[in-house]
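Heads up: the structure comes next, in structure tokens.
The values are calculated or read from the model by the stated rules, or taken from the named source; none is laboratory data. Since the model is a prediction, treat every value here as computed from it, not as a measurement. Positions of Cβ are backbone-derived with ideal geometry, glycine not excepted, and every protein chain shown enters the neighbour counts.
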Amino acid sequence: MPGKTGATDGRQMTKTLKTALAAVTCCIPLLTPLTLVPVVAVPMMLAPAQAEAGPIKRACMASERRNASDSLCSCLDQVARSSLKRSDQRKASRFFKDPQKAQETRQSDNPKDEAFWLRYRDFTTLAAATCK
């Protein structure tokens, strides 16, 4: 009876989808189930991109610093992703290779450099507290 098996499988898939939607709906109450279907699929598509190392982690791992480790560099990268714009992350990553650039940026009279330095200083404060 192929028709009965297909119907049972369909009901099971519907039940599984409803369970998944209920779990997501508890966290996102304003969305309707129809708008949640794409949301359920998105984390699976984004997972590989989240595992990709950002500019801070790549620069940290490439540096010759004695304390550079995968866990420390990953932590710095996570803090950078949450507190710096992507362009700021790229700029800050250059400080690993050339620390003099950090000094030049800190002492710069350029308003953009000054604004960046304030964001960078906040990042380093947060990273120091988080990545021990």
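A few comments on the model shown:
- Test set (1) more than 22 Å from K132 (Cβ to Cβ); (2) in contact with a helix residue (DSSP H, G or I) (Cβ under 8 Å, 6 or more places away or on another chain) - Q100 fails condition number: (2)
- Helices (runs of 4 or more DSSP H) wholly inside the stretch 56-123 that include at least 3 residues being more than 16 Å from the chain's Cα centre (by Cα): 86-97, 99-107
- Restricting the first member to the stretch 104-132 and to residues that are in the same structural domain as N67 (by TED's automatic domain parsing) and over 20 Å from Q78 (Cβ atoms), and the second to residues that are small (G, A, S) and surrounded by fewer than 16 Cβ atoms within 10 Å (Cβ to Cβ), the beta-carbon pairs closer than 7 Å and six or more apart or on different chains are E114/S108.
- Residue within the stretch 34-57 that is over 16 Å from C131 (Cβ atoms), at pLDDT 90 or above, of a type in the set (D, E, K, R) and surrounded by 11 or more Cβ atoms within 10 Å (Cβ to Cβ) present: no
- Hits in the stretch 71-94 (condition: exposed (fewer than 15 other Cβ atoms within 10 Å of the Cβ) and under 18 Å from K132 (Cβ atoms)): S71, S82
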